[in-house]
């Protein structure tokens, strides 16, 4: 809700904008939900009648945009609603979330896109953009109404947590979506190869006596998709990659000039298969946590820009899904509130620059989804996050806003977090 | 395309009409001029001539057809030929007879003119190699449907007095349409500017190399069009996920008044039939005063008469 006529300045801040490479001290003027001005000349008292917030030299950056959130609504409200997901987002410095269509019913109809947008308008603290199903009911059999769904407000199309096995259908979807400039976000797992695997295939799985999913199940699906992108020219985004071989494939595709981009989840940047330890189900996810070398490759990929986007892959699961034997437990990890803290580990380790990290969590997702946000410029929406890069904190389950507490970072110590989150100029979250 | 042994200067030198491909501009114009005469005959009280008296015309349809088959039947009868209809959707194929065997069997009945429709591209040409009579392609798979292109051209010419320079937009399932292929060939030969408008999944690879401008948007593709030619959308295109649904197709590609407004105010609306109202064309648009869909049917008979006459000149005289 824009603050009509009300002026707010954020002063004494380190302004970081990955869209322009800006990294400078100064202030921001927010008017009617929009960034009206920014720069060193904006100081306490420099704008008459403006309310002022002293940032104490801390960082102000574009609000984070999370391209992969499994919202739970409609159909799984016991796990999460748009309202609770949006509170978790705000607490994590996230100002925009893309909710995935893996709901009940599946978001494959214009009326359901409309439902999500209206529910979000009425209940959510942050911006919510639905990704719609690219096949009806996510069954991978018939193409969904991509043109009408996009007109209704779907920002991209995906088959959720499943891959489309039928290559001809995938080709048709990519080809058809191209006419609408629509982005196809695809989960990568050859189901026949992954079969009943529950974690990464390898020594750890063998020791634990668990069925493994080879990394090849991801990479071969990615390779097939790249061929189809080459054939059709459709805009393609690999929903999550998790292993070195997939990164190599992405690099090769990009060097050939194909319209291919990809995400990695923050989990796959900061955790590996060893973290599963004694069958800890909060570490069970798809794609599975991989070997340490794969994790390092993911970090390298983000640093080099070959991996475009970092997502939380926020997937709330209750005890009914997680308090089970590992092989029977649900996949997925909650992540909206921990994405920034976990990602900042890479910054503090000197592995990825702050600009690059923030770009992968704001500017690039905005560009891929055609959003006006993810940047700090005059006229841009005042979706902003005030970040204390150094603040130490510990992840406590009871303090999480998400309805489900299945975080693999329980008890983890992080350095750096969102202090205040602004959506359209309105503070929707204050730490503490 | 086999060239007649006789008179290289004959106005229409071909023994068969297997496609528009290979026809020259003057040959097409000859057929159109001849069709005008037939059209006049068709509007008289006595519609009958005896040009083909004593000749046998066999309509051999391996694929169901109502309008094309009856159009050829009427054309043959108006010219005095004996017409036999053979519809063998699958019966002989079920009995195991090959196309060639069917052709040889038919040839033994000594027909003079054979009109063939088959679901496989190239089947009519294959059959033409095995018979002694004149063969007319009434549609082979997604390849060609030459008499449809001729009747479309005749209809256009009667309204616009020319074809050269006109902007013709062909909209819909280009990839699977023999009507589109024949029209693209014919209209290009006569100097029209041909556009195709379709979702990428219905265009066909390399279509731009056929001498057309390619559009994915109706509003862009219809801009300043003189002719709007709609194609029938088959339900199986949804089943095979080339497009998501009828309603989405109609929303983006169905011809309604909003999209038609992009074309020239006096643009002709055409459709080869049978129409799916509310799928590729709005019902009111189909019945609009600019719609020449019914006239296309009338010209169909005229064109087929002209084709039968032109080919029959190559038959040996008694």
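The values are calculated or read from the model by the stated rules, or taken from the named source; none is laboratory data. As the structure is a computational prediction, the values presented were derived from the model and not from experiment. All Cβ positions, even for glycine, are placed from backbone atoms using ideal geometry, and neighbour counts span all protein chains on display.
Of these, B:141, B:122, B:206, which one is surrounded by fewer than 24 Cβ atoms within 10 Å (Cβ to Cβ) and within 14 Å of chain A (Cβ to nearest Cβ)?
When all the criteria are applied, what remains is B:206.
Taking the criterion of being within 21 Å of residue A:409 (Cβ to Cβ) and part of a strand (DSSP E or B), would at least one residue in region A:276-286 satisfy it?
no
Of these, A:316, A:259, A:325, which one is closer than 30 Å to residue A:207 by Cβ and under 21 Å from the mean Cα position of the chain (by Cα)?
A:316
Answer with yes or no whether residue A:45 is part of a loop (DSSP other than H, G, I, E, B), farther than 30 Å from residue A:394 by Cβ and under 26 Å from the mean Cα position of the chain (by Cα).
No, not satisfied.
Of all residues being free of Cβ contacts under 8 Å to residues at least 60 places away in the same chain and in contact with a strand residue (DSSP E or B) (Cβ under 6 Å, 6 or more places away or on another chain) in region B:289-316, which is nearest to residue B:52 (Cα to Cα)? Just the residue, please.
The residue in question is B:291.
Somewhere in region A:104-112, is a residue away from chain B (no Cβ under 13 Å), surrounded by fewer than 24 Cβ atoms within 10 Å (Cβ to Cβ) and more than 19 Å from residue A:182 (Cβ to Cβ)?
yes
Residues in region B:244-255 that are in contact with a strand residue (DSSP E or B) (Cβ under 7 Å, 6 or more places away or on another chain) and touching a residue at least 12 places away in the same chain (Cβ under 8 Å): how many?
Here the count works out to 3.
For region B:144-175, give me each residue that is out of contact with any strand residue (DSSP E or B) (no Cβ under 8 Å at 6 or more places or on another chain) and not in a helix (DSSP H, G or I).
B:161, B:162, B:163, B:164, B:173, B:175
Quick check on my filter: what residues within region B:259-277 are over 19 Å from residue A:180 (Cα atoms) and either more than 23 Å from the chain's Cα centre (by Cα) or within 14 Å of chain A (Cβ to nearest Cβ) (or both)?
B:260, B:261, B:262, B:263, B:264, B:265, B:266
Given the conditions (1) buried (at least 24 other Cβ atoms within 10 Å of the Cβ); (2) within 14 Å of chain A (Cβ to nearest Cβ); (3) in contact with a strand residue (DSSP E or B) (Cβ under 7 Å, 6 or more places away or on another chain), and given that residue B:199 satisfies all but one, which numbered condition is not satisfied?
Looking at each condition in turn, residue B:199 falls short on (3).
Determine which member of the set A:56, A:26 is touching a strand residue (DSSP E or B) at 6+ places or on another chain (Cβ under 8 Å), at pLDDT 95 or above, within 26 Å of residue A:356 (Cβ to Cβ) and outside any strand (DSSP E or B).
Only one candidate qualifies: A:56.
So residue A:198 clears everything in (1) touching a strand residue (DSSP E or B) at 6+ places or on another chain (Cβ under 9 Å); (2) over 21 Å from residue A:297 (Cα atoms); (3) more than 14 Å from chain B (Cβ to nearest Cβ); (4) surrounded by fewer than 20 Cβ atoms within 10 Å (Cβ to Cβ) except one condition, right? Which one?
In the conditions (1) touching a strand residue (DSSP E or B) at 6+ places or on another chain (Cβ under 9 Å); (2) over 21 Å from residue A:297 (Cα atoms); (3) more than 14 Å from chain B (Cβ to nearest Cβ); (4) surrounded by fewer than 20 Cβ atoms within 10 Å (Cβ to Cβ), residue A:198 misses (4) alone.
Take the residues of region A:387-405 that are surrounded by 24 or more Cβ atoms within 10 Å (Cβ to Cβ) and in contact with a strand residue (DSSP E or B) (Cβ under 9 Å, 6 or more places away or on another chain): which is modelled with the highest pLDDT?
A:387
Any residue that is over 23 Å from the mean Cα position of the chain (by Cα) and either more than 14 Å from chain A (Cβ to nearest Cβ) or modelled with pLDDT of 95 or more (or both) - is there at least one of those in region B:290-310?
No, region B:290-310 has no match at all.
Criterion first (within 19 Å of the chain's Cα centre (by Cα), within 14 Å of chain A (Cβ to nearest Cβ) and surrounded by 18 or more Cβ atoms within 10 Å (Cβ to Cβ)) does residue B:175 satisfy it?
yes
Is it true that residue A:222 is within 14 Å of chain B (Cβ to nearest Cβ), more than 21 Å from residue A:334 (Cα to Cα) and outside any loop (DSSP other than H, G, I, E, B)?
Here the answer is no, as residue A:222 does not meet what is asked.
Please give the number of the condition residue A:21 fails out of (1) under 27 Å from residue A:305 (Cα atoms); (2) surrounded by 15 or more Cβ atoms within 10 Å (Cβ to Cβ).
(2)
Looking only at region A:269-325, count how many residues are crowded, with 24+ Cβ neighbours inside 10 Å and at positive phi.
Going through region A:269-325 one residue at a time, the tally reaches 1.
Can you give me the number of residues within region A:80-112 that are assigned to a loop (DSSP other than H, G, I, E, B) and touching a residue at least 60 places away in the same chain (Cβ under 8 Å)?
5
Among the numbered criteria (1) on the phi < 0 side of the Ramachandran plot; (2) modelled with pLDDT under 95, which single criterion is violated by residue B:204?
Single failed check for residue B:204: (1).
Only residues that are in contact (Cβ under 8 Å) with a residue 24 or more places away in the chain and within 14 Å of chain A (Cβ to nearest Cβ): list them for region B:221-240, please.
Matches in region B:221-240: B:221, B:237.
If I go through region A:245-268 residue by residue, how many of them are buried (at least 20 other Cβ atoms within 10 Å of the Cβ), assigned to a helix (DSSP H, G or I) and free of Cβ contacts under 8 Å to residues at least 60 places away in the same chain?
Total meeting the criteria: 5.
How many of the residues in region A:305-318 are in contact with a helix residue (DSSP H, G or I) (Cβ under 9 Å, 6 or more places away or on another chain) and part of a loop (DSSP other than H, G, I, E, B)?
Residues that pass the stated criteria total 8.
Yes or no, residue by residue, for (1) assigned to a strand (DSSP E or B); (2) within 26 Å of residue A:287 (Cα to Cα):
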residue: A:320; (1), (2): no, yes
residue: A:337; (1), (2): no, yes
residue: A:357; (1), (2): no, yes
residue: A:366; (1), (2): no, yes
residue: A:377; (1), (2): no, no
residue: A:404; (1), (2): no, yes
residue: A:428; (1), (2): yes, no
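Tally up the residues in region B:63-88 that are modelled with pLDDT under 90 and touching a strand residue (DSSP E or B) at 6+ places or on another chain (Cβ under 8 Å), please.
Number satisfying all stated conditions: 6.
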